[in-house]
Amino acid sequence: MKDFNYHSAKDSKEASKLASSSSAFLAGGMTTIPSMKLGLATYKDLIDIKNIKKLSGIKVSGKSVIIGAATKHVEVSNSKDVKKAIPSLSSLAEGIGDPQVRNRGTIGGSIANNDPSADYPSACIALNATIHTNERKIEAAKFFKGMFETALKKGELIEAIEFQIPEKSSYQKHPNPASRYAIVGVYVAKHKGDVNVAVTGAKSCVYNDKDMSKALTGNFSSSSIDGMDLDSSEMNSDMHASADFRASLVVTQAKKAVDAC
Amino acid sequence: MASLVGSRVERKEDKRFLTGKGRYTADINLANQTYAIFVRSPHARASIKKLNIDKALKSSGVVSILTGKEIADDKIGGLIAGWAIRSEDGTEMKCPGNPPLAKDNVNFVGDPVAVVIAESLAEAKEAAEKVEVDYKVLKAVTSTADAMNGDTIHEGIDKNLCFDWLLGDRQKVKEAFDKADKVISIDIINNRLIPNAMEPRACVADYNAASEEITLYTTSQNPHLSRLIMSAFGNVAPEHKLRVVAPDVGGGFGSKINVYNEDIVCSWAAKKINRAIKWVAERSESFLTDIHGRDHVTHAELAVTKDGKFLGFKNETIANLGAYARVFGTVTPTYLFGPCATGVYEIPAAYTNVKAVYTNTAPVDAYRGAGRPEATYTIERLVEKASMELGIDKTELRIKNFPTAFPFKQTLVHTVDSGDYVAGMEKAKQMADYKGFEARRKESEAKGKLRGIGVTSYFEACGIAPSAAVMSLGCGVGLWESAEVRFNPTGQVTVYTGSHSHGQSHQTTFAQIAADELGVPIENIDIVHGDTDKGTFGMGTYGSRSLAVGGIAIVNACKKIVEKGKRVTAKMLEANPEDVEFKDGEFIVSKSNKKKTIGEVAFACYLPGVRDEMKSPLPEGDEPGLKETSFYDPSNFSFPAGTHIAEVEIDPETGHVKLEKYTACDDFGRIINPMVVEGQVHGGLAQGIGQALYENAEYDETGQLMTGSYMDYTMPRADNFPEFNIGYTCTHATTNPLGVKGCGEAGAIAAPPTVMNAVIDALGGQEVTMPATAEKVWKACKNLKKSNAKAA
Ligand SMILES: Cc1cc2nc3c(=O)[nH]c(=O)nc-3n(C[C@H](O)[C@H](O)[C@H](O)COP(=O)(O)OP(=O)(O)OC[C@H]3O[C@@H](n4cnc5c(N)ncnc54)[C@H](O)[C@@H]3O)c2cc1C
């Protein structure tokens, strides 16, 4: 690993002031540190944001669950409030990586990184999340731009993620057997007016499957999407799963999620 | 005194390991040490046009940079294949040179071309990036099946063929097949695996200019063998000037048998720069450069009568050696594989033909089971297929072809001294509730799932390798083992063993054996291994040999101690040696109350002479001291055997295979410590099930390893497994005094066919290759649905 400068920011303002084109925020470090170690990324400055108190913690109101960006996966999975308000969100957190990763990795880091097979982005889409940054509020639908790409500007810091509490929801992941990231993960959330079917792992970026959403908004039953033939042409294909297999898994996992709601 | 052999004695080594006090090679730091980083080929096959170290030499902290040229100039030898194999046509096998640092050609991704030695690890890394190598990239050969049609990798080795070996009688097999009612045939791929020991390889080399001695601390399963190879073939230093220490070693599974490039280079370089050098592999280096396992492509056939008697068997295998033939590379797919090919069955005619090929991939060598898993997989998949095609219950068909009497002289090589295969089968069926399976299958079907059951009956040849047996087969060496039992004057015992523990619990089990033999409390016995300066020459640990060979050497040395003790006691107590009996640590003159404890005898042995009442206790001809050595060369292999049964449930929509039940009923002969055996069985099963369902080393066509990290190489985890249902039958080995057979590899041997037979049973007989990943199984489920629809 190449040498770098370590900074610990005391508030959001200082953190974003320290940021440059050759810096990264250090939240859980679960993505940043391994990529530096393997020489895939080098930074001149790492700006630790774990000491910014405001960034950690969970608040539940009647309509929403607000989770601070530096809140660890384990805190989300263990939170009684989250379990009560959106049980599928806490079980999603419980299914990320392994205990070591959950004890360090953060929701903000996961979303900022926007790995195409990460779990949280699907929750953001399905639960109509709003991403609060130090500068603005961004709707989830406009936040995830592409593979490892988000709407965040240089130095912009995620402060919290606000999830809308649905009537019912479930997240079903078919994990990569090696890494346990999602080969396909489908987050189904039934809100008052409509149903979201957020899919991660299948394409280069998380997306809301409009056809399934429509079918389920009409009739919230797994039979309404059974046998749906999805277009696999844009789906990922690698040694763990072909595009066709992924297309089939999207439907299967969506059905499972609906049944589990 | 109660016997310790057979009881669940807690592991003596656990306190050390569980409190972080283990001392592994990477824990060793020497004064003024330097750090090594190896510059490795990023290409699978290339010639080196130019290598420029000028820039790197100027990098900060660099002490030295050495390349293939210097190592060749110093006449340091290369890595070797330990076993010579002769082809069917009588020609000797063909092995390429394998210099520790490549000079002209590189042959797999990770092949080292230079070593950078610097004051710190960071500086070594930085400088290594500045070494400029100009490669001419050549077309790589990566496929096992097609290797013989690829470009020639090593000059003069036609068709990339190391040898084309035959065991058995083709003519007899032909006659058997001519008589058959039916021939069952199968095409099999035994997937390539990466051993993945928890501790990556490492070494620390030191040179003492005063004594002109090199000391190498290394992650080895066999330090003496490493010293011998480095000395005799590597020309690193004469054996008496080379000390090899393998301290705590965190798992080997065969991958740490070999002497590796880094061992030789660091030892040689430490002398050259007159400073200690430390090298610790990163996990990604382990993936690329540790030996890999398995990688066979096989076509096999079984000739049967319509009522299910086996008549003949043939096995045509292509075995991938990787880029070079290493220590056990050539013996694994031959003598460890061929003789086990007919499994636990009476098959009057059989042959195994193995073509061993070179490819531009990491060297393939012995990995837990080594040859026997590949043999067992083939015969057990074939027998399962036969049971489907003949419509005979899979357990009945097996029993029908089991030997009825022991010793069982097999058609190919082995004479199995003892066993009771029927008893093992019956017990396994009971443990697994074989009868209740159909009901469970229906329950699964009602949930929309597919359920399958799979059986394997296996045997293995352990305790490698009796010199008489293997040398008569044409092997150059046999593998005995040594032990030295040394009493201190005050009565504690140190046992030196030539075997090596890297997870096998020798500190406990060997102490149990010695405690029983000598009647000394187990706390007073130390087991010492892993240092060529401490113990007598030893062969190390692999092939489930430690107990069946190394343990017997300990017993024999203890028996010599007792014999001397009897003579000394007789002298001390003025009795006849023949009248002295030894029991529970006491020498007793029969029909008298005169006795001496073994502690008193030991003390006396160290203080011979005459003073006051004390008279020399040493009989004429005996020397002072109490220390005995044994070199034990077994008369035959030992033959553990057993039956395993697995049940899987498959979700046809996702292809997910859930291992619901796993039953292992093994006959390991006498068991020294049931807890330790359970650990060995569990570990073996985890690796065997890993091969069947998860693990796969995959190269792309250019020779890049696609599964070079845990993000892509699926190491099984605890939650992949059900609670294992483990039981035993027991027939004692008749060829050694303890009656032991060995248990280290059984799980890895039996589990792959057991699990795959269950998966394929669930899939209505459709073949899938290992590992049975979700996508492969999903596809098979779709086919099954289609063919069921057609049938309906
Ligand atoms: C072995 C392993 C297994 C894993 N398995 C899974 C899995 O199954 N599912 C899954 O979804 N993920 C998985 N992960 C990823 C894990 O969830 C990481 O924690 C996550 O991707 C990054 O979070 P972090 O807090 O560690 O971020 P860091 O590594 O600290 O940072 C990652 C990136 O995010 C940026 N960043 C961090 N916080 C902020 C912020 N508040 N505002 C703006 N930018 C920010 C940083 O600048 C950096 O570029 C796994 C990781 C590992 C190592």
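The values are calculated or read from the model by the stated rules, or taken from the named source; none is laboratory data. Note that the structure is predicted; figures quoted are calculated from it, not measured. Every residue, glycine among them, receives a Cβ derived from its backbone with ideal geometry; neighbour counts consider all protein chains shown. Heads up: the accessible areas ignore ligands, DNA and RNA and are worked out on the full protein's heavy atoms, side chains in. Shrake-Rupley method; radii C 1.70, N 1.55, O 1.52, S 1.80 Å.
The table below lists the values:
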read-out	value
Residues of the stretch A:78-92 that turn out to be closer than 14 Å to residue A:169 by Cα and either within 10 Å of the ligand (Cβ to nearest atom) or not basic (Lys, Arg) (or both), as a count	9
Single match in A:138, A:111 (criterion: open to solvent by less than 30 Å² (accessible area, probe 1.4 Å), without any contact (Cβ under 8 Å) to a residue 40 or more places away in the chain and under 14 Å from residue A:151 (Cα atoms))	A:138
Check on residue A:58, farther than 21 Å from residue A:3 by Cβ and more than 8 Å from the ligand (Cβ to nearest atom)	yes
Count of residues meeting criterion [over 13 Å from the mean Cα position of the chain (by Cα), under 15 Å from residue A:252 (Cβ atoms) and within 16 Å of the ligand (Cβ to nearest atom)] in the stretch A:156-183	4
Candidates A:160, A:178, A:254, A:182 - the one that is away from chain B (no Cβ under 14 Å) and touching a residue at least 60 places away in the same chain (Cβ under 8 Å)	A:160
Exclusive hit being open to solvent by less than 20 Å² (accessible area, probe 1.4 Å) and on the phi > 0 side of the Ramachandran plot, set A:227, A:201	A:201
Residue B:261 being buried (at least 24 other Cβ atoms within 10 Å of the Cβ) and either aliphatic (A, V, I, L, M) or at pLDDT 95 or above (or both)	no
Residue match in the stretch A:196-203 (condition: within 18 Å of residue A:255 (Cα to Cα) and in a loop (DSSP other than H, G, I, E, B))	yes
Filter pass, residue A:148 being modelled with pLDDT of 95 or more, within 12 Å of the ligand (Cβ to nearest atom) and either more than 14 Å from every other protein chain (Cβ to nearest Cβ) or closer than 17 Å to residue A:28 by Cβ (or both)	yes
Residue match in the stretch B:357-376 (condition: outside the structural domain of residue B:44 (by TED's automatic domain parsing), of a type in the set (Asp, Glu) and surrounded by fewer than 24 Cβ atoms within 10 Å (Cβ to Cβ))	no
Looking only at the stretch A:132-145, and only at residues there that are in contact with a strand residue (DSSP E or B) (Cβ under 7 Å, 6 or more places away or on another chain) and of a type outside the set (A, V, I, L, M), the one that is nearest to the other protein chains (Cβ to nearest Cβ)	A:144
Residues of the stretch A:32-47 that turn out to be closer than 19 Å to residue A:103 by Cβ, more than 6 Å from the ligand (Cβ to nearest atom) and more than 14 Å from chain B (Cβ to nearest Cβ), as a count	1
The stretch B:438-467, residues that are open to solvent by 10 Å² or more (accessible area, probe 1.4 Å) and either at pLDDT below 95 or of a type outside the set (Asp, Glu) (or both)	B:439, B:440, B:441, B:442, B:446, B:447, B:448, B:449, B:450, B:451, B:467
Out of A:244, A:238, sole residue that is surrounded by fewer than 20 Cβ atoms within 10 Å (Cβ to Cβ), not assigned by TED's automatic domain parsing to the domain that holds residue A:126 and not in a loop (DSSP other than H, G, I, E, B)	A:244
Of all residues making up the stretch A:115-145, the number that are within 9 Å of the ligand (Cβ to nearest atom) and either assigned to a loop (DSSP other than H, G, I, E, B) or in contact with a His (Cβ under 9 Å, 6 or more places away or on another chain) (or both)	6
Candidate set from the stretch A:9-31 (those that are touching a residue at least 60 places away in the same chain (Cβ under 8 Å), near the ligand (Cβ under 6 Å from one of its atoms) and away from every other protein chain (no Cβ under 14 Å)); member that is surrounded by the fewest Cβ atoms within 10 Å (Cβ to Cβ)	A:29
Selection status of residue A:70, more than 8 Å from the ligand (Cβ to nearest atom), open to solvent by less than 10 Å² (accessible area, probe 1.4 Å) and in contact with a helix residue (DSSP H, G or I) (Cβ under 9 Å, 6 or more places away or on another chain)	no
Scope the stretch B:724-780; condition open to solvent by less than 10 Å² (accessible area, probe 1.4 Å), within 14 Å of chain A (Cβ to nearest Cβ) and not in a loop (DSSP other than H, G, I, E, B); matching residues	B:777, B:780
Odd one out for residue B:664, checked against (1) in the same structural domain as residue B:427 (by TED's automatic domain parsing); (2) within 27 Å of residue B:186 (Cβ to Cβ); (3) surrounded by fewer than 24 Cβ atoms within 10 Å (Cβ to Cβ)	(3)
So residue A:198, is it touching a residue at least 40 places away in the same chain (Cβ under 8 Å), within 13 Å of the chain's Cα centre (by Cα) and within 14 Å of chain B (Cβ to nearest Cβ)	no
Residue within the stretch B:579-587 that is surrounded by fewer than 22 Cβ atoms within 10 Å (Cβ to Cβ) and part of a helix (DSSP H, G or I) present	yes
Within the stretch A:93-104, tally of residues that are within 7 Å of the ligand (Cβ to nearest atom) and crowded, with 23+ Cβ neighbours inside 10 Å	1
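Here is a yes/no grid of residues against (1) surrounded by fewer than 24 Cβ atoms within 10 Å (Cβ to Cβ); (2) without any contact (Cβ under 8 Å) to a residue 24 or more places away in the chain; (3) not in a strand (DSSP E or B):
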{"site": "B:191", "(1), (2), (3)": "yes, no, no"}
{"site": "B:225", "(1), (2), (3)": "no, no, yes"}
{"site": "B:244", "(1), (2), (3)": "no, no, no"}
{"site": "B:297", "(1), (2), (3)": "yes, no, no"}
{"site": "B:300", "(1), (2), (3)": "yes, no, no"}
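Matching residues to (1) under 30 Å from residue B:448 (Cβ atoms); (2) among the β-branched types (Val, Ile, Thr); (3) away from chain A (no Cβ under 14 Å):
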{"position": "B:641", "(1), (2), (3)": "no, no, yes"}
{"position": "B:666", "(1), (2), (3)": "no, no, yes"}
{"position": "B:671", "(1), (2), (3)": "no, yes, yes"}
{"position": "B:683", "(1), (2), (3)": "no, no, yes"}
{"position": "B:687", "(1), (2), (3)": "no, no, yes"}
{"position": "B:698", "(1), (2), (3)": "no, no, no"}
{"position": "B:702", "(1), (2), (3)": "no, yes, yes"}
{"position": "B:706", "(1), (2), (3)": "no, no, no"}
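Residue-wise test of (1) in contact with a Pro (Cβ under 9 Å, 6 or more places away or on another chain); (2) free of Cβ contacts under 8 Å to residues at least 24 places away in the same chain; (3) farther than 22 Å from residue B:252 by Cα; (4) not assigned by TED's automatic domain parsing to the domain that holds residue B:737.
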| residue | (1), (2), (3), (4) |
| --- | --- |
| B:669 | yes, no, yes, no |
| B:675 | no, no, no, no |
| B:682 | no, no, no, no |
| B:685 | no, no, no, no |
| B:688 | yes, no, no, no |
| B:692 | yes, no, no, no |
| B:716 | yes, no, no, no |
| B:719 | no, yes, yes, no |
| B:722 | no, no, yes, no |
